[in-house]
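Working notes for the structure below.
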Amino acid sequence: MTVGAGGQALAELPRVESLTDRQRRGADCVFCRRELVTGHVIDLGPRPLGTHGVKAHWFPRACKPRCA
């Protein structure tokens, strides 16, 4: 388990490179690839993403209660 900047535990996620564009944009669950529907979504919190020397964050989402 990874720890975020605020000390909260962060769930292990698939590697960003292995995700589809829809998963990276938060339209599909990062775990099961189902399309996310309003009211059945949980934000998993900002995650650091460092590529090509640029520090950024991405904001994964998952379906609840199935995957989150």
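The values are calculated or read from the model by the stated rules, or taken from the named source; none is laboratory data. Being a predicted model, the structure only gives us computed values, none of them experimental. Neighbour counts run over all protein chains shown; Cβ positions are idealised from the backbone, glycine included. SASA here: full protein model, heavy atoms, side chains in, ligands and nucleic acids out. Shrake-Rupley method; radii C 1.70, N 1.55, O 1.52, S 1.80 Å.
Data overview
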quantity	calculated
Heavy atoms of ARG22: accessible area, 1.4 Å probe, square angstrom to 10	90
Nonlocal amide H pairs with LEU49, under 5 Å, H built at 1.01 Å	ALA56, HIS57, TRP58
Cα-projected label distance for TRP58 with ALA27, points at 7 Å along beta-carbon direction, nm	1.5
Isotropically averaged projected area of the range 18-58, using the convex hull of Cα atoms (one quarter of hull area), nm²	3.2
Neighbour net charge for ASP43 - beta-carbon separation under 15 angstrom, K R +1, D E -1	+4
